[in-house]
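Peer 1: Mind having a look at this structure? Questions to follow.
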Amino acid sequence: MSNAINTMLRGTTAVVGIGQTPFYKRGTSGQPALKLALQAIVSACEDAGIDPSDIDGFVSYGAERNDGQRMMPALNTKELRFGALVWTHGGGIPGALGLAATAIVTGQANVVAVYRAMSETGGQRLRVAVSQDDTAAQQLVNGLDGPAQMCAMRSMRLIEAEGVPARTLRDMALASYYHARRNPAAVGRGIELDESKYGSSRWISEPYRLFDCSRENDAGVACIVVSAQQAPYLRQPPAYLLGAPMGAARGWGMLEENHNPYWSAGFQGVAKRLWAETGYRPGDVDVAQIYENMTGMGVSAMIEHGFCSLENAAEFITFDNLIAPNGALPINTSGGNLAEGFIHGMSLVNEAVRQIRGTSPNQVPGAALSLMTGGPGDPVVSTALLGSADTL
Amino acid sequence: MQYSFHTHRITGGIGADDRYWEALEEGTFELPRCADCKRWMWPAHFRCGQCGCWQVLWEPVDPVGTVYAWTRCWYTFDRTTERAPDVPYVVVLAEIPAADGARVIGVLRGPEEQLRIGAPVRGHIDAPSAKTKGYAAIRWELAGK
């Protein structure tokens, strides 16, 4: 079998519309997830200048249950031609963008909505719904339940065995909350997080404190993907999809804490493929949305994408480097999962697109290459690079 | 023998580790290896991916190893609320050299002063209880030098 680098998808599709509902504190939207999904999709269509009835593809990931067939009457869908879910959890976005692109390039669909909606209103606690009854007995029997606990052990390994300072976790949290202050849509915009407030916040699962962990919110977030041929004729500057590999290399997958290397967030295979497929290098990236279910996993994701190494992570991952507009790698410029809101990572896609359009609340001047890394530590992960027309 | 975990079955993960839980209820710590190439297969699975054999041998292993990773849990999540009275409790991921470095999860018992990655641990078996979701469970104890 050939392992040749496949660049067939590079630049062939683009995100042309983004939409989202307000981010509600979990359980307070008063609306079911299906309605939130519809609102986000319709809003993304308005942004793009596309009639919702023209959507013919529906793609999501993880535990999303608001499938296209359920939305057709409300969208006046002419014909559903493609619908699919990327397996795994938050690791599946941005691979879902790659799946949408695959459907478009192969002629299966023309206008694909990629979306995620969650609502605790009338439903289960979100983290229970998200886990979809797939946590192993080896974990639940032994007091491990939430992803925070599993990820905590991996980050403990990162800190204690690999020598990456715990301060990198704190600085990632500080940068996210700093950016949220300027985002009117961010749930955490009112929180002034500083070193002392972080340091005195309660432990959740060591080495994670409260502010290392993402919050869960009720909301819907969606984007619209079309071919690169169609994209320039729509309302917004296109954010071209340069690459969005998903996967897991040997040593990764569902291994009940027997992953190698254990400090990893699972990106070693997909990151290598991303750079090879797009022709860009970490140093070319202008701005990054780093999915952080927990800060430590985001730190591992940055290391595995090659922005720094285990050895120099301490020098690179600093508050000053992580903030817009002048940091070496501004991350999570809307506040991210930590401080903007957690919709299973989907809001990071929209922020990656805003950076290319020049409309982020914390804009990086002239941003052209915009990275979005998927849910770290998942058994399968994915990562995507979006770019302006100049990057094609 | 009637096993407690059969009536409390957790349907997540790979689900090829029934013998692990049965053995614990019988009082032994067993880990799986391929019946043909003898590779240790952990987590347990249905087929040896390296040689293609479908037979798994479960072998008693002395439950000694070292701390590979750990976390101290200060918060109980929704499906493990039975642990609330124990907060904070420490979960240890122990590496077992006798099984080619298989890593086995267990809750720490006893003193925590020597807790660090690399510290030696020894396993003890707890009978099924509500805290362990009706399963027997290995508990790691820091063994000292």
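The values are calculated or read from the model by the stated rules, or taken from the named source; none is laboratory data. Treat the numbers as computed from the prediction; the structure is a model and nothing was measured. With ideal geometry, Cβ positions are generated from the backbone for all residues, glycine too; neighbour counts draw on all protein chains shown.
Peer 1: Of everything in segment A:104-130 that's of a type in the set (Gly, Ala, Ser) and surrounded by 22 or more Cβ atoms within 10 Å (Cβ to Cβ), which residue is farthest from the chain's Cα centre (by Cα)?
Peer 2: Looking at residues that are of a type in the set (Gly, Ala, Ser) and surrounded by 22 or more Cβ atoms within 10 Å (Cβ to Cβ), I get A:Ala109.
Peer 1: Just one of A:Leu99, A:Leu85 is away from every other protein chain (no Cβ under 14 Å) and surrounded by 24 or more Cβ atoms within 10 Å (Cβ to Cβ); which is it? Break it down stepwise before answering.
Peer 2: Working: A:Leu85 fails: surrounded by 24 or more Cβ atoms within 10 Å (Cβ to Cβ).
Being away from every other protein chain (no Cβ under 14 Å) and surrounded by 24 or more Cβ atoms within 10 Å (Cβ to Cβ) holds for just one of A:Leu99, A:Leu85, which is A:Leu99.
Peer 1: Scanning segment A:347-367 for residues that are touching a strand residue (DSSP E or B) at 6+ places or on another chain (Cβ under 6 Å) and in a loop (DSSP other than H, G, I, E, B), which turns out surrounded by the fewest Cβ atoms within 10 Å (Cβ to Cβ)?
Peer 2: Our first condition is that a residue be touching a strand residue (DSSP E or B) at 6+ places or on another chain (Cβ under 6 Å); within segment A:347-367, this holds for A:347-353, A:355-356, A:364, A:367.
Filter once more, keeping what is in a loop (DSSP other than H, G, I, E, B): A:364, A:367.
Details: A:Val364: 21, A:Ala367: 24.
Of everything passing the filter in segment A:347-367, A:Val364 is surrounded by the fewest Cβ atoms within 10 Å (Cβ to Cβ).
Peer 1: Ok, one more. Of the residues that sit in segment A:143-198 and are crowded, with 21+ Cβ neighbours inside 10 Å and of a type in the set (Asp, Glu), which one is farthest from A:Phe316 (Cα to Cα)?
Peer 2: A:Asp145
Peer 1: Test A:Leu234 against the stated conditions and say whether it is crowded, with 20+ Cβ neighbours inside 10 Å and either away from chain B (no Cβ under 14 Å) or at pLDDT 95 or above (or both).
Peer 2: Values: crowded, with 20+ Cβ neighbours inside 10 Å: no; either away from chain B (no Cβ under 14 Å) or at pLDDT 95 or above (or both): yes.
When the stated conditions are applied, A:Leu234 does not pass them.
Peer 1: State whether the residues of segment A:345-366 include one that is aliphatic (A, V, I, L, M) and without any contact (Cβ under 8 Å) to a residue 40 or more places away in the chain.
Peer 2: As a first pass, look at segment A:345-366 and keep what is aliphatic (A, V, I, L, M): A:346, A:348-349, A:352-353, A:356, A:364.
Restricting the remaining residues to those that are without any contact (Cβ under 8 Å) to a residue 40 or more places away in the chain gives none.
No.
Peer 1: Answer yes if at least one residue in segment B:105-120 is away from chain A (no Cβ under 11 Å) and in a strand (DSSP E or B), and no otherwise.
Peer 2: Checking segment B:105-120: at least one residue is away from chain A (no Cβ under 11 Å) and in a strand (DSSP E or B).
Peer 1: So which residues in segment B:121-145 are in a loop (DSSP other than H, G, I, E, B), surrounded by fewer than 17 Cβ atoms within 10 Å (Cβ to Cβ) and of a type outside the set (A, V, I, L, M)?
Peer 2: Hits for segment B:121-145 are B:Ser129, B:Gly144, B:Lys145.
Peer 1: With the structure loaded, tell me whether B:Gly123 is at the interface with chain A (Cβ under 8 Å from one of its Cβ atoms), modelled with pLDDT of 95 or more and under 12 Å from the mean Cα position of the chain (by Cα) or whether it fails that test.
Peer 2: Details: at the interface with chain A (Cβ under 8 Å from one of its Cβ atoms): no; modelled with pLDDT of 95 or more: yes; under 12 Å from the mean Cα position of the chain (by Cα): yes.
Spelling it out, it is not the case that B:Gly123 is at the interface with chain A (Cβ under 8 Å from one of its Cβ atoms), modelled with pLDDT of 95 or more and under 12 Å from the mean Cα position of the chain (by Cα).
Peer 1: Give A:Leu158, A:Leu144 a once-over and let me know the one that is over 30 Å from A:Ile55 (Cα atoms), assigned to a loop (DSSP other than H, G, I, E, B) and over 19 Å from the mean Cα position of the chain (by Cα).
Peer 2: It is A:Leu144.
Peer 1: With a cut-off of at least 1 residues that are at pLDDT below 95 and at positive phi, name the helices (runs of 4 or more DSSP H) lying wholly within segment A:254-346.
Peer 2: none
Peer 1: Just a yes or no: is a residue in segment B:82-95 within 11 Å of chain A (Cβ to nearest Cβ) and on the phi > 0 side of the Ramachandran plot?
Peer 2: no
Peer 1: Report whether or not A:Tyr240 is within 14 Å of chain B (Cβ to nearest Cβ), touching a strand residue (DSSP E or B) at 6+ places or on another chain (Cβ under 7 Å), among the hydroxyl-bearing types (Ser, Thr, Tyr) and buried (at least 18 other Cβ atoms within 10 Å of the Cβ). Walk me through it before giving the result.
Peer 2: Working: within 14 Å of chain B (Cβ to nearest Cβ): no; touching a strand residue (DSSP E or B) at 6+ places or on another chain (Cβ under 7 Å): yes; among the hydroxyl-bearing types (Ser, Thr, Tyr): yes; buried (at least 18 other Cβ atoms within 10 Å of the Cβ): yes.
So A:Tyr240 does not fit the description; no.
Peer 1: May I pose another question? Give me the pairs: first residue in segment A:264-283 and farther than 26 Å from A:Glu160 by Cα, second residue surrounded by fewer than 23 Cβ atoms within 10 Å (Cβ to Cβ) and of a type in the set (S, T, N, Q), beta-carbon distance under 9 Å, and six or more apart or on different chains, which are they?
Peer 2: As it stands, the answer is A:Arg273/A:Asn6; A:Ala276/A:Thr7; A:Glu277/A:Asn6; A:Glu277/A:Thr7; A:Thr278/A:Thr7; A:Thr278/A:Thr391; A:Gly279/A:Thr7; A:Tyr280/A:Thr391, since those pairs meet every condition given.
Peer 1: Search segment A:243-253 for residues being part of a loop (DSSP other than H, G, I, E, B) and touching a residue at least 60 places away in the same chain (Cβ under 8 Å), and hand back the single one that is farthest from A:Gln139 (Cα to Cα).
Peer 2: Filtering first and then ranking leaves A:Ala244.
Peer 1: In segment A:227-242, which residue that is assigned to a loop (DSSP other than H, G, I, E, B) and in contact (Cβ under 8 Å) with a residue 60 or more places away in the chain is nearest to A:Leu9 (Cα to Cα)? Step through it out loud before you land on a result.
Peer 2: Applying the first criterion (assigned to a loop (DSSP other than H, G, I, E, B)) to segment A:227-242 yields A:228-230, A:234-238.
From the residues that got through so far, the ones that are in contact (Cβ under 8 Å) with a residue 60 or more places away in the chain too are A:228, A:230, A:234-238.
On the way: A:Ala228: 10, A:Gln230: 15, A:Leu234: 20, A:Arg235: 23, A:Gln236: 21, A:Pro237: 19, A:Pro238: 16 Å.
Of everything passing the filter in segment A:227-242, A:Ala228 is nearest to A:Leu9 (Cα to Cα).
Peer 1: Quick check, is B:Gly101 surrounded by fewer than 22 Cβ atoms within 10 Å (Cβ to Cβ), more than 8 Å from chain A (Cβ to nearest Cβ), under 30 Å from A:Arg250 (Cα atoms) and under 17 Å from the mean Cα position of the chain (by Cα)?
Peer 2: Criteria met by B:Gly101.
Peer 1: If you don't mind, there's one more thing I want to ask. If the Cβ limit is 8 Å and pairs must be 6+ apart or interchain, which residue in segment A:287-303 that is within 14 Å of A:Leu371 (Cβ to Cβ) pairs with which residue that is in a helix (DSSP H, G or I) and charged (D, E, K, R)?
Peer 2: Pairs that qualify, where the first residue is within 14 Å of A:Leu371 (Cβ to Cβ) and the partner is in a helix (DSSP H, G or I) and charged (D, E, K, R), are A:Gln289/A:Glu351.
Peer 1: Starting from residues that are hydroxyl-bearing (Ser, Thr, Tyr) and in contact with a Ser or Thr (Cβ under 9 Å, 6 or more places away or on another chain), keep the ones in segment A:128-173 and report whichever is farthest from the other protein chains (Cβ to nearest Cβ).
Peer 2: My answer is A:Thr168.
Peer 1: Still on this structure: I need the full set of residues from segment B:26-52 which are more than 12 Å from every other protein chain (Cβ to nearest Cβ) and within 15 Å of the chain's Cα centre (by Cα), in order please. Before the answer, list the steps.
Peer 2: In the first step, residues of segment B:26-52 are kept if they are more than 12 Å from every other protein chain (Cβ to nearest Cβ); the result is B:26-30, B:32-39, B:46-48, B:51-52.
Result: B:Glu26, B:Gly27, B:Thr28, B:Phe29, B:Glu30, B:Pro32.
Peer 1: To continue, here is another question. From the list A:Phe342, A:Phe307, which residue is buried (at least 24 other Cβ atoms within 10 Å of the Cβ), closer than 18 Å to A:Val381 by Cβ and of a type in the set (Phe, Trp, Tyr)? Before the answer, list the steps.
Peer 2: On the way: A:Phe307 fails: buried (at least 24 other Cβ atoms within 10 Å of the Cβ).
Selected residue: A:Phe342, the only one of A:Phe342, A:Phe307 that is buried (at least 24 other Cβ atoms within 10 Å of the Cβ), closer than 18 Å to A:Val381 by Cβ and of a type in the set (Phe, Trp, Tyr).
Peer 1: Kindly indicate whether A:Ile224 is within 14 Å of another protein chain (Cβ to nearest Cβ), among the hydrophobic types (A, V, I, L, M, F, W, C) and outside any loop (DSSP other than H, G, I, E, B).
Peer 2: Taking the combined requirement at face value, the residue does not satisfy it.
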